[in-house]
1. Does VAL158 qualify as being open to solvent by 60 Å² or more (accessible area, probe 1.4 Å) and β-branched (Val, Ile, Thr)?
2. Here is a list: ALA20, ALA102. Which entry is assigned to a loop (DSSP other than H, G, I, E, B), closer than 19 Å to ILE168 by Cα and modelled with pLDDT of 90 or more?
3. Identify, please: which residue in the stretch 220-249 is in a helix (DSSP H, G or I) and among the polar types (S, T, N, Q) and is, among those, surrounded by the most Cβ atoms within 10 Å (Cβ to Cβ)?
4. Among the residues of the stretch 146-195, how many are touching a Leu at 6+ places or on another chain (Cβ under 6 Å) and closer than 18 Å to VAL109 by Cα?
5. Any residue in the stretch 139-153 that is outside any helix (DSSP H, G or I), within 19 Å of ARG316 (Cα to Cα) and touching a residue at least 40 places away in the same chain (Cβ under 8 Å)?
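The values are calculated or read from the model by the stated rules, or taken from the named source; none is laboratory data. Because the structure is a prediction, the values reported are computed rather than measured. So basically every Cβ, Gly included, is an ideal-geometry build from the backbone, and we count neighbours across all protein chains shown. Surface areas here come from the heavy atoms of the whole protein model, side chains and all, with no ligands, DNA or RNA. Shrake-Rupley method; radii C 1.70, N 1.55, O 1.52, S 1.80 Å.
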Amino acid sequence: MTQQQQHQGRLAFIGGGNMAEAILGGLLACGYPLSQCVVSEPIQARCEFLQSKYPGLQTLSGPDANSLAVQGSKSASTTQSLIQDGSIQVNATAASTDFAPAEVVILAVKPQVLKNVVVDLAPALRALQPLVISIAAGIETSAIARFMADGVDEEALVAGSVKLPPVIRVMPNTPALVLEGAAGMYATAEATAEHREVAESLMAAVSKQVSWVETESLIDTVTGISGSGPAYFFLMMEAMEEAGVKLGMDRATAKALTIQTCLGAAKMAQLSSDDLETLRIKVTSPQGTTDAAIKAFEAGGFRDLVQKGVTAADARSRTLAKELGGAKL
C-alpha cells in the first residue's frame, strides 16, 4: 500500500508514550489527517506536550479517556458532559468536536498494564470490531484475545455468537523514533488481507523494513534481532569509541568516526546485491589490518557471543509472554 493509498480512517492511540508519538509523527509526516487521530494518555503533562508539538491533535486523559477514544462521542455536548463530571480531561480541540468511533486501535501501553486496559475496553472492542494493533512487548495475541473476551461465556465464543476483533501484534524498535525503524508483525486468523495492508501502511510510516512472520513465536526472534538489536550496535559502537580513546584519540573524534562507519557499512549492506559474508570478505585483505581485527574477534568468540545474546533476548521475550499474558485461550 503506497502512501497515496494509505489508510486514513479514525485512529485511536491508547497510550501516548515515545513509540506512540513516533508512529503518530511518522504518519502525520506522510500526510495522515491530524483530525483522524486521537491519543488517550493518563499523564496530563504528556498530553500537553503532544498538544504543543502537534497543534490541533485531540488528546484525552482521565478515567473514561480510553473508552471515549475507542467508542467516540456522538456530539460535543456529550463530550462536555464527560468533562463536567470529571470523567475526562481534554484539550480545546477535543472539547469542541464530536468523536467518531475508532477504526484502528493501537495499544501502546506498558505490557504490565495492558490486561487492565484491554479488559476495560473489551465491551467496546467487541461491539465496534476495530482492527487492534498491539505494540506491547511480550503479550501474545491469545492473551489479548482472552482479555477482550472478559466476561463472555466460552460457549458463545465457540459458537461464534460473540466475535472478537482482529489483532495484529507488532514488534517495532527504537529507531522508529527517527523514522528508521524495523518492525516484525504477526496477524491472527481473523485479520484479513485488508487489515494486514492497513497495519503495514501505518507501521511503514516509521519503519523502513516491515516483515511479516506466519508463526507468532517468531515475534520473539524478531525481538532478539531487531527489537533489542539497536542496543547491540550501541554496545559495539561504545566499545569502538573506547578503543580509539585508549589508543590516544580524543573521544569526540572516535565517536564521530565510529558512528559514520556504522552508518556507511549499513548503507553498503542495504544497497549491495552481495550477501553480508561477501561484503565482509571484500573489505578484508589477507594479512591486512582488517584481517588482523577480524581474527582477533573470531578468536574471542564474537559469533558465539552474538548468538548467545540474540538467543537470550528471544528466551526472555518468551518468558515475559508467560509472565504477563498468563494462560492461553
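1. yes
2. On inspection, the qualifying residue turns out to be ALA102.
3. THR223
4. Total satisfying the criteria: 2.
5. Filtering the stretch 139-153 down to residues outside any helix (DSSP H, G or I) leaves 139-140, 149-153.
Within this subset, residues satisfying the condition of being within 19 Å of ARG316 (Cα to Cα) are 139-140.
Filter again for touching a residue at least 40 places away in the same chain (Cβ under 8 Å), leaving 139-140.
Looking for residues that are outside any helix (DSSP H, G or I), within 19 Å of ARG316 (Cα to Cα) and touching a residue at least 40 places away in the same chain (Cβ under 8 Å), one finds at least one in the stretch 139-153, hence yes.
The rows are residues; the columns are (1) modelled with pLDDT under 95; (2) touching a Gly at 6+ places or on another chain (Cβ under 9 Å); (3) open to solvent by 40 Å² or more (accessible area, probe 1.4 Å); (4) of a type in the set (S, T, N, Q).
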site: LEU218; (1), (2), (3), (4): no, yes, yes, no
site: THR258; (1), (2), (3), (4): no, yes, no, yes
site: CYS262; (1), (2), (3), (4): no, no, yes, no
site: LEU271; (1), (2), (3), (4): no, no, yes, no
site: LEU279; (1), (2), (3), (4): no, no, no, no
site: THR289; (1), (2), (3), (4): no, no, yes, yes
